[in-house]
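Comments concern the structure below.
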Amino acid sequence: MGQIEWAMWANEQALASGLILLIGGVVGVAGQFRDWQFAAYGIAAGVFVMLLEYPRGKRRKGTTMERPGQRFFAAIVKLFGPLTRNYYVRAILHACLAVPGGFILPTVLGTVNLGIASLIYLLAAFRKEEWRPIQALQSQKGHVGKSIHQPPTNPPPRPPAEHRRKPVDDTRAVEVTARPVTFDSN
């Protein structure tokens, strides 16, 4: 069995924690919690984490499914070079972003999830994984799309007539014979 690529799990965990942190921040600000400034920070941190984690990294083996619109975000993430490619940096960044969210109740769940994502990124960094953008292969996509839109020119193969199933007639008449019934009253 192959080895687990931890960065994929960390990416999903961090993306979900960014959304949870954002929602918790909105609840904290809208609910006018005491120290609501930490909730406002949770909104900003959640948006930042979601933008950073939205583009998936390319896996070593197998195929990687792109998220819709990922190319635009991947180009932005790729601009920062080793700061966003290195998982040690991401682990430290997520750990630092998680700390202020722990001071107010609505953002605690997002903070804990972001801390878990930070630990998973640290494990991925120990295993020498790094973020690489997914390179779309335009030549293969054009070829596949072209073959789908053309109808087949030959009919599908059929077995010879003697090997085809004969239809079974289930509507055969059932013959019923009636016998006289006699009762012996002795």
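Throughout, read-outs are computed from the coordinates displayed, never taken from laboratory work. As the structure is a prediction and not an experimental result, all values here were calculated from the model. Neighbour counts are summed over all protein chains in view; Cβ atoms, including those assigned to glycine, are modelled from backbone coordinates with ideal geometry.
For the reader, a short list of remarks on this structure follows.
- The ratio of the alpha-carbon radius of gyration of the stretch 60-136 to the globular-protein estimate 2.2 N^0.38 Å is 1.25.
- Share of alpha-carbon pairs per 5 Å distance bin for the stretch 3-139, given as whole %: 2, 12, 20, 21, 18, 12, 8, 4, 2, 1, 0, 0
- Placing dummy labels 7 Å off each Cα toward the beta-carbon, the span from T63 to L83 is 3.5 nm.
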